[in-house]
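What follows is a set of notes on a single structure, which appears directly below.
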Amino acid sequence: MMKFPWKTTLAVSAILAATVYAYAQISSGGPMGMHGQMQGGMNGSMNGGIGGDMNGSMAEMHRQMMQGQGSAGMHGNMGQGMHHGMHGGAGMHGQQSGALGAPTMPGQDAFGTIQEIVQILQADSSTDWSKVNIAALRQHLIDMNEVTLHAAAAERALDNGIEIAVTGEGRTLEAIKRMVPAHVSELREIGWEAKTDDLPNGVKLTVTASETHPLTMLKALGFMGILVQGGHHQPHHLMMAKGEFPMH
Ligand SMILES: [Cu+2]
């Protein structure tokens, strides 16, 4: 099921955090027509939160870098981007005055995620609208909400790892059954020893400790810390919206 180049995604993700200011700068002068959204991401980061907008912008950056547009521009603009980031940027460019001028925050995380994806698709002349499926992305975002906020996670330490019973009812249970096993295949792709077993009301997730993921780390991370590993989510959202990726 996983055809996406994970290693590339990870390598790209590692540098994204360090260059997000620079990226916001490129983007505001760039061809993507996503000014409002990028301001949102930038404001979020300046205010101290790493929010959904920034994650979303990483997906777009990943896409640009895969197309070979990102890295040259990124380095060329890095200094300027950092400068703007540190000084708040307001007034230095009309487009960067979100904090003081036109509001940019979407108000709701899934709304903002979908808005950004739709803007990416509309700015891309190669978008195949006969395949685009925003409803599928919305269902996935509902799954994410259920698993992140409503699933119960009972963690138990083993001698060589941890075991987590992830359970819920109704819509939450559906989301657990779809998302947790899919994430475990992704964890395995990036070198984690993880597996899932079905439970009547959820999924049992077992993660074995290793040199790179020692028991102390696994206990500290717990269910959510483990689930967020890897850089797959944001690019997957775009693929889902394009109808190019099987739902999970
Ligand atoms: Cu997701």
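The values are calculated or read from the model by the stated rules, or taken from the named source; none is laboratory data. Predicted, not measured: the structure shown is a model, and the values here were computed from it. Cβ coordinates were reconstructed from backbone atoms using ideal geometry, including for glycine residues, and neighbour counts include every protein chain displayed. These accessible areas exclude ligands, DNA and RNA; they are computed on the full protein's heavy atoms, side chains included. Shrake-Rupley method; radii C 1.70, N 1.55, O 1.52, S 1.80 Å.
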Given (1) of a type outside the set (Val, Ile, Thr); (2) in contact with a Leu (Cβ under 6 Å, 6 or more places away or on another chain); (3) open to solvent by 40 Å² or more (accessible area, probe 1.4 Å), identify the lone condition not met by residue 183.
(3)
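Here's the yes/no breakdown for (1) farther than 23 Å from residue 113 by Cβ; (2) within 22 Å of the chain's Cα centre (by Cα):
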{"residue": "138", "(1), (2)": "no, yes"}
{"residue": "150", "(1), (2)": "no, yes"}
{"residue": "155", "(1), (2)": "yes, no"}
{"residue": "162", "(1), (2)": "yes, no"}
{"residue": "176", "(1), (2)": "no, yes"}
{"residue": "191", "(1), (2)": "yes, yes"}
{"residue": "228", "(1), (2)": "no, yes"}
{"residue": "239", "(1), (2)": "no, yes"}
Leading residue by the ranking (farthest from the ligand (Cβ to nearest atom)) among those in the stretch 216-240 that are touching a Phe, Trp or Tyr at 6+ places or on another chain (Cβ under 9 Å) and within 23 Å of residue 154 (Cβ to Cβ):
226
Looking only at the stretch 190-215, which residues are open to solvent by 30 Å² or more (accessible area, probe 1.4 Å) and at positive phi?
191
Within the stretch 127-137, is even one residue of a type outside the set (S, T, N, Q), touching a His at 6+ places or on another chain (Cβ under 9 Å) and over 20 Å from residue 241 (Cα atoms)?
no
Run residue 243 past the list (1) within 16 Å of the ligand (Cβ to nearest atom); (2) touching a Leu at 6+ places or on another chain (Cβ under 6 Å) and report the number of the one that doesn't hold.
(2)
Out of the stretch 216-248, which residues are open to solvent by 60 Å² or more (accessible area, probe 1.4 Å) and not in a helix (DSSP H, G or I)?
228, 244, 246, 247
Within the bounds of the stretch 79-93, is there any residue that is away from the ligand (no atom under 16 Å from the Cβ), farther than 28 Å from residue 199 by Cα and at pLDDT 95 or above?
no
